[in-house]
1. Which residues, counting only those in the range 7-27, are among the polar types (S, T, N, Q), surrounded by 13 or more Cβ atoms within 10 Å (Cβ to Cβ) and not in a loop (DSSP other than H, G, I, E, B)?
2. Would you be able to tell me the number of residues in the range 28-70 that are open to solvent by 40 Å² or more (accessible area, probe 1.4 Å), in contact with a strand residue (DSSP E or B) (Cβ under 8 Å, 6 or more places away or on another chain) and of a type outside the set (Ser, Thr, Tyr)?
3. Identify, please: which residue in the range 76-94 is hydrophobic (A, V, I, L, M, F, W, C) and open to solvent by less than 10 Å² (accessible area, probe 1.4 Å) and is, among those, farthest from residue 40 (Cα to Cα)?
4. So which of 46, 91 ends up being hydrophobic (A, V, I, L, M, F, W, C) and either outside any strand (DSSP E or B) or in contact with a Gly (Cβ under 6 Å, 6 or more places away or on another chain) (or both)?
5. Any idea which residue in the range 83-98 is nearest to residue 33 (Cα to Cα), counting only those that are in contact with a Lys or Arg (Cβ under 9 Å, 6 or more places away or on another chain) and among the small types (Gly, Ala, Ser)?
6. When only residues in the range 104-118 that are open to solvent by 60 Å² or more (accessible area, probe 1.4 Å) and not polar (S, T, N, Q) count, which is nearest to the chain's Cα centre (by Cα)?
7. Is it the case that the range 95-103 has a residue that's modelled with pLDDT of 95 or more and either among the polar types (S, T, N, Q) or surrounded by fewer than 13 Cβ atoms within 10 Å (Cβ to Cβ) (or both)?
8. Of the residues that make up the range 50-60, is at least one among the small types (Gly, Ala, Ser) and closer than 25 Å to residue 121 by Cβ?
Amino acid sequence: QVQLVESGGGLVQSGGSLRLSCAASGRYRYAMGWFRQAPGNEREFVAAINWSGGSTTYADSVKGRFTISRDNARATVYLQMNSLEPEDTAVYYCAARLGVVADTAPAYAYWGQGTQVTVAS
C-alpha cells in the first residue's frame, strides 16, 4: 500500500513554469507516473520514471518542456513544467505501480488526489 500527496499546482501565465511534487509513503520500490485530466477529457499520460530514476518516458505533447525526476531519500517525485501553454491546463495526478514504467492509467494501482494547474493565455 502506498499513499501519494501532490502539491505545487496553481495559476501561471502562458510561457511560465511550475514544479509539481508528489510525496509518497510505503516501503516498496515503485515506478511513478504523472497523468493529467482536463474537463471533458479522459485522463492522459504525461511522464513516468522507474525506481532508480534511470529510465523515463514522456508523452509527445510535453517532450522538451517537462522533466520528471525523483529523490528517493525524500520519497518524492517531481514534475518540472516549463514553457507552459493553456492546453496544459488540467488536474495533474501522481500515480505509483510496482515494476517498470508504464504509460497507461490502468497500469497504476495507486493514485493521489490531484493538483490543479491552470495556464492563462
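1. 7, 21
2. Looking only at that region, the number is 7.
3. First pass over the range 76-94, keeping only residues hydrophobic (A, V, I, L, M, F, W, C): 77, 79, 81, 84, 90-91, 94.
Right, trim to open to solvent by less than 10 Å² (accessible area, probe 1.4 Å) and you get 77, 79, 81, 84, 90, 94.
On the way: 77: 27, 79: 23, 81: 23, 84: 20, 90: 10, 94: 20 Å.
Among residues in the range 76-94 that are hydrophobic (A, V, I, L, M, F, W, C) and open to solvent by less than 10 Å² (accessible area, probe 1.4 Å), the one farthest from residue 40 (Cα to Cα) is 77.
4. Details: 46 fails: either outside any strand (DSSP E or B) or in contact with a Gly (Cβ under 6 Å, 6 or more places away or on another chain) (or both).
From the options 46, 91, the qualifying one is 91.
5. Ranking the candidates gives 90 first.
6. Filtering first and then ranking leaves 111.
7. Checked against the condition, which is being modelled with pLDDT of 95 or more and either among the polar types (S, T, N, Q) or surrounded by fewer than 13 Cβ atoms within 10 Å (Cβ to Cβ) (or both), the range 95-103 yields no hits at all.
8. yes
The values are calculated or read from the model by the stated rules, or taken from the named source; none is laboratory data. Because the structure is predicted, anything quoted here is derived from the model rather than measured. When we count neighbours, we look across all protein chains shown, and the Cβ atoms used for this are built from the backbone with ideal geometry, even at glycine. We work out accessible area using only protein heavy atoms, side chains counted, and drop any ligands, DNA or RNA first. Shrake-Rupley method; radii C 1.70, N 1.55, O 1.52, S 1.80 Å.
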